[in-house]
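No lab work stands behind these numbers, since they all come straight from the coordinates. The structure displayed is predicted, hence computed values, not measured ones. So basically every Cβ, Gly included, is an ideal-geometry build from the backbone, and we count neighbours across all protein chains shown.
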């Protein structure tokens, strides 16, 4: 008979395989240990990290603790106090339940557990190295538990070499801590990094207090509350105003019965809730807490429990969308410090002043035509009345463009134009020799600012504008790390920026083109572009993307009132750019309806 080639794996090998699913980096260890502490009923959890978690991850809590027998059993695979039989999986209301975490972690580290149950006169210490128990003894210890994980992956070189730098792993660990702190605002939490206290969060806090402690006192001012209930499902939390957005989804947090989780349908619901309020590539900040019957959600879908599945996904989707839209409407009606005006599709535009319906056309503001300064007129005869009535063959706005301007080296799109006015608090209507043009001032201003700055880069003469009052920018740890890693690039781009201690930076100068912009969101978006492009990309393509982002932040916004002189100057400046028809992101700045097209629509052809 042929020898059997199938054999059972040893418990030690099985634990290491499980560790590959449960523990992929120090942040995963932190997550599992803090979740266990929360399930143990702790009201205070202290976390300590050394060398990004490579050398030490320690979690101490004042929960129920464990007697000696339970302490020894807790490190066995599939040993848990959370469930008893298969039916319990259908109604899980705890953070953990599989009983794999401690066994997996202890198999790839030098592991220490100290614990004491309520009413016990002494505690228990268990010492494990690479999955092998080295010592078990009685110790003096207060009620609760302390888990120390040292030298993670010391016995798995293949896994250890995939760890990133200390700073990168620390960033992931802090993100995990922040997520768990948001999930449990009632629990006091402390994070110490390399001996320095990074977070000290009081217990018994409201969500509003926890947001203020984590993100700063002014952050809450840009959020509006949401609270809506449907049958046994409730959605609560805070969402950001549309004017406060990011280029990534790193500030979108959804919790299902206190569990940080996600599902494709939740991402869709958030996007649909904001609908047309945000341009492509921009994302809101969201803190949503969904409470429901545990039987309506399946948390046993993903090895790390990151994804969930709903029994009634349609109800969840509709409730999240309705909650967001209600919150935005309430924020619009109550007013906001950032000038939020609501959904333009559902709320009346706020910019135009009330119009007296008794006014006649004679009362409209006087318009005037003007020529582009320093640009020769096109050597073509003016359009006749017949052409203007629809007989013109011109369909391309560049057909009658002025010849090349010697001073700028670019062609003007038209030889003359007349500003007719601004509609919807945003779009500008122009008349040119080719037809009617609708201009988006925001996109046009983006193009002007971008080209102006890139010319300075090409000439090697970037101009900085000092701020009358330097801005102190307080960032989240992950964002601060990105800025810190790109300080030299930012300074070369004309930013006067320096570290101010902790996660704060002082900005005392901006590139002159963007001196009117708010430094904080511009910095975050620019650095995000640089990070996506890598260090080399930060000085090449990502450099240009970052400047396009800066131009977007500094450009005029919807509902900004522009005077006739400002509109005229914007049209002139736009005509002198290299690509006047699109913004740096590719959106159109101008839409032309030629006289021929208008004639065709009115049946004149």
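Brief remarks on what is shown
- Length gained when the stretch residue 55-residue 179 is fully extended (0.36 nm per residue, less Cα-Cα span): 42.4 nm
- Sorted by Cβ neighbour density within 10 Å, fewest at the top, the residues 28, 106: 28, 106
- With neighbours defined as other Cβ atoms within 10 Å of a residue's Cβ, the residues 445, 275, 122 order from fewest to most as 122, 275, 445.
- FRET efficiency for residue 591 and residue 135, using Cβ-Cβ distance with R0 set to 51 Å, rounded to 0.05: 0.10
- The Rg/Rh ratio for the range 462-529 is 0.92, where Rg is the radius of gyration of the alpha carbons and Rh is the Kirkwood radius.
- Net lengthening on full extension, residue 162/residue 318 (0.36 nm per residue, minus Cα-Cα): 52.0 nm
- The ranking of 516, 107 from fewest to most other beta carbons within 10 Å of each one's beta carbon is 516, 107.
- Both radii were evaluated on the Cα set of the range 218-334; the Rg over Rh quotient, with Rh as the Kirkwood radius, amounts to 0.96.
- Of all DSSP bridge pairs formed entirely within the range 218-334, close to 75 percent run antiparallel.
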